[in-house]
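Below is one structure, written out as structure tokens; comments come after it.
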Protein chains: 2
Amino acid sequence: MSVPSLPTAKAIQVDTRGALILDEESPETRDSRGIYLPNYVEPVSHIAVDIGGSLAKVVYFTRSPDPPASPSIVATRGSSTVSDSFTSGSSPSSPLSSSPPRDNPLSGSPSNPRINGALTPAILDGPHHGGGHPPTVSGLAALDHSALHDSLLRRASVQHFPGGSLNFERFQTEHIDDCVAFIQSLIERSAQLNGVSIAEMRESVKIMTTGGGAHRFHELFSEQLQVEVRREDEMECLIEGLKFFTLIPDEVYYFSDELIHSVSHPVRGCLNGKDGVYERPSPDPPKYAVSFESNPTPQLPCLLVNIGSGVSIIKVDEDGSFERVSGTSLGGGTLWGLLSLLTPATTFDEMLSLSEKGDNATVDMLVGDIYGQDYGRVGLKSTTIASSFGKVFSMKGGKKGTFSAEDISKSLLYAVSNNIGQIAYMNAEKYGLDRIYFGGCFIRGHAATISTLSYAIRFWSKGTKRALFLRHEGFLGAIGAWIKNFGEEGAREAQR
Amino acid sequence: MSVPSLPTAKAIQVDTRGALILDEESPETRDSRGIYLPNYVEPVSHIAVDIGGSLAKVVYFTRSPDPPASPSIVATRGSSTVSDSFTSGSSPSSPLSSSPPRDNPLSGSPSNPRINGALTPAILDGPHHGGGHPPTVSGLAALDHSALHDSLLRRASVQHFPGGSLNFERFQTEHIDDCVAFIQSLIERSAQLNGVSIAEMRESVKIMTTGGGAHRFHELFSEQLQVEVRREDEMECLIEGLKFFTLIPDEVYYFSDELIHSVSHPVRGCLNGKDGVYERPSPDPPKYAVSFESNPTPQLPCLLVNIGSGVSIIKVDEDGSFERVSGTSLGGGTLWGLLSLLTPATTFDEMLSLSEKGDNATVDMLVGDIYGQDYGRVGLKSTTIASSFGKVFSMKGGKKGTFSAEDISKSLLYAVSNNIGQIAYMNAEKYGLDRIYFGGCFIRGHAATISTLSYAIRFWSKGTKRALFLRHEGFLGAIGAWIKNFGEEGAREAQR
């Protein structure tokens, strides 16, 4: 019976050949779509959690012979307008409508509808589980009874069936108990599916934690889950995650020079740095499309700008060594905090959709408001923002209510994004790095944010540097923690 | 009769020898105290106005043989704690209580109490005014009748009496009419004091305007005042102003290395960059004192960071040539605008005094809030702010009212000041400049702002760069415009 020869754990850590990004189930999961790894074979018995100041991100792997859903159309077409595929739920053409539910019979469980499949610990591999009643493994139901089926079933029960999915989940750090409960059910479900006791399952499961909360919540996780909990350094995990995601086809996206130019200069020619004039960052960027990197290439050295509640700026050298060289406290938490005080919005996505309807010119003081014209001599257009919120104070001493939530949201989203772009550029310039990756849960695939950061980098660098983004922007730390453990476990496997 | 030999206009433009900074009349005039120039002799017939996005700044010169008030104690003592001399009115030991009213008999006029003395146009110098009834010139009343008196009177009437004061006034740009009215009365008063008709006075008076409003309000000024109005480039005026103010004794102030070190490292030795550890910027800086530059030295090359509604960052070379190399829209207007929406404060000084009573830790997410400890590996103390306003969103979705105006003000003042300090440092580093001057009406001599900017520069530059401040921080553009005209008028004078 022919079985494809599979690479050993030593040869690779995570086999990303043929990796597919799955459909999103809703705009909510825009940045947390599963990744199917058809050639990945080793058992995985750990769950990774990256606990940040505002959000806790979870990554786990579940085995299945087939992708839970057909690869995303969005993911595979070379480029798509951001308003189609990246804006928040309010977008009419959101994939929400067109995406089928994942074909996992277990995904509809009332307790934790979000759980997909089961963990498959290496420890369960052995005579005491190899025989007897074969466990139901997600996806196998589809196969009819045959020699192949038996063989596959056996292989599945002993965890050597190739293929499976990386699953991504997000929780609010203030509701960390939800996150613990989710992992608890995942462990219980996995015990059930593998036909073992919870005790056995707990022995073979490990939680890899990173992010600030890894320290703060260490006791909570070990006591509640009664499994081994290991802490990993946040920055190391971010870099590991960046290295992994940049290997996934159609994961990385960006504005192509041509795109930016065709959009900002419909008529004139030439874009390559020298005599190309670059569009200033603006809260009203022209509609544009992004390009996806279908054929990943090595991305180091680069600058990683991780935008969560706060912002960390990390220089990554060609050999993967890194240093946190800068950062700013003006990050997602600043925007969310101020907008929760200034608008009725209660979620970040609400704030983003508010900002889409706003006009910042009612609150921002533009160069034209001060000069009545351009200040050409220093290259400031009349539409350039001279002072964010600069109109508020003078106008009736800025009585609250005189300004719309939409306008305030747009102004502040732009101010924070542009400031991050400016500081990121200056660091990239200082260290001579041309690739600037933006990660973290701030971006949310939001058109205005992506375009502001992209235009800021293009403008300040005169087109010499490029802003790069990741579909799984918020999960760098989590996937990094997941991978860090994998290495040794895979190695252990290989020695059997 | 002996008259001191005076330098010609050719030799100097503005004779700053023996310049004295006058007492402040109230905390309101903290940054607009008069400067007495005992050796300055040429007639001055122009008024300079720098019209920014939020404030219009006015500079004019009035002649008097004696300083209107004794030189400020603050100005002449080498160093003083900022909380004594630089905080807003709420400070108990504010010079307010101790400062005598200016001994100018005319300064109490009901129409415009703020007007001091009169303009003294060169054109009035001549036979048709030399004789006849001598005009009352402010200050001369003190002299008894004598040959000297007649001679002085004559000299005064023909504008060659040495000594006089630079006067500084501030108006809100939204109330530009108040500014126009002030200048109108100044012209009328000057005509009266010089015993000439308003028409004659108008012919000899010129308004030098700069700042964005110079373009926007050009017609308003020429039509309302019926005098010549000339526009000057904003950046040029800022640099001229910087060059002038840095010649005034006790105008420039800064944290001395010893001061910073003794404060941040009571025990350890060594401060010179290398192995000195520099205090992180913090909203709660240690109490400190500043040093005043009593013996001005050339200050170019340097970086000028002008913080008004928005922020302009200007590189100034040794020869005085300059370029606006950067800036940010997160400036004074941003702080004033957001705080006018988030607090009951209606003036910037109210916002500053609110911030003095606040605790930012209730709204800011600190490294310790995320990690439960320092993140030593990347050198982040638990007290470092990870995310400005980062606690607001998670806490009850940040319902307005749950956070105090004081805490919000402190957090936001720090966030804006620190961000400006960070961007300023990166530009100073990029252009290899060690002197970083902070000007503009944002600073207001406020302790927390000055310390935040100073600590940010010291921290990021590891002590290699220094933040420098100016008493007349808000008047660089105005004095620059005033000086630009002086040059040619003085020259014209010298040819007589």
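The values are calculated or read from the model by the stated rules, or taken from the named source; none is laboratory data. Just so we're clear, the structure is a prediction, and the values are computed from it rather than from any experiment. Here the Cβ positions follow ideal geometry from the backbone for every residue, glycine too, while neighbour counts run over all protein chains shown. Just the protein is used for accessible areas: all its heavy atoms, side chains included, with ligands, DNA and RNA removed. Shrake-Rupley method; radii C 1.70, N 1.55, O 1.52, S 1.80 Å.
For residue A:181 and residue B:373, a Förster radius of 35 Å and the Cβ-Cβ distance give a FRET efficiency of 0.85, rounded to the nearest 0.05.
Annotation: amide H-H contacts under 5 Å for residue B:164 (H modelled 1.01 Å from N, sequence separation of 5 or more, or interchain): B:37, B:40, B:64. For the residue pairs A:465/B:315; B:243/B:465; B:410/B:465; A:243/B:465; A:57/A:243, the C-alpha atoms sit more than 29 angstrom apart in A:243/B:465. Note on residue A:199/residue A:174: beta-carbon distance plugged into 1/(1 + (r/R0)^6) with R0 of 56 Å gives a FRET efficiency of 0.95. For the residues of B:53-63, the average number of beta carbons from a partner chain within 10 Å of their own beta carbon is 2. The H on the amide N of residue A:231, modeled in the peptide plane, is under 5 Å from the matching H of A:209, each at least 5 residues off or on a different chain. When chain B is turned onto chain A, its residue with the beta carbon nearest the axis, and that distance in whole angstrom, is B:426, 2. Across the copies of the chain, residue A:323 has label points (7 Å from Cα along Cα→Cβ) spaced 2.7 nm apart, shortest distance listed first. Let me check I've understood the local charge: for residue B:252, count other residues with C-beta under 9 angstrom from its C-beta, Lys and Arg +1, Asp and Glu -1. What total comes out? Net charge around residue B:252: -2. The A and B chains share an interface that buries close to 5400 Å² of accessible area, total over both sides, probe 1.4 Å. Label-point distances for residue B:224 to the equivalent site in the other copies, using a point 7 angstrom along Cα→C-beta, read 6.4 nm when ranked shortest first.
A point 7 Å from Cα along Cα→Cβ stands in for residue B:172, and the other copies hold the same point at 3.8 nm, listed in rising order. Between residue B:220 and residue A:297, the modelled labels are 5.6 nm apart [label points 7 Å from Cα along Cα→Cβ]. Computed over protein heavy atoms with a 1.4 Å probe, the carbon and sulfur contribution to the accessible area of the stretch B:367-451 reaches 52%.
Near residue A:206, the amide H atoms lying under 5 Å from its own belong to A:46, A:47; only residues 5 or more places off or on other chains count, and H is placed 1.01 Å from N. Just add up the charged neighbours of residue B:198: K/R +1, D/E -1, any other residue whose Cβ is under 14 Å from the Cβ of residue B:198. Taking every other residue near residue B:198 into account, the sum is -1. Look at the stretch B:210-220: the mean tally of other chain Cβ atoms within 10 Å of its residues' Cβ atoms is 3.
Summing Lys and Arg as +1 and Asp and Glu as -1 over all other residues whose Cβ lies under 13 Å from the Cβ of residue A:240 gives a net charge of -3. Note on residue A:17 and residue B:284: their simple-model spin labels are 5.9 nm apart, each label 7 Å out from Cα toward Cβ.
The trypsin sites (Lys or Arg not before Pro) of the stretch A:275-346 that meet both conditions, a loop assignment by DSSP and at most 10 other Cβ atoms within 10 Å of the site Cβ, are A:287.
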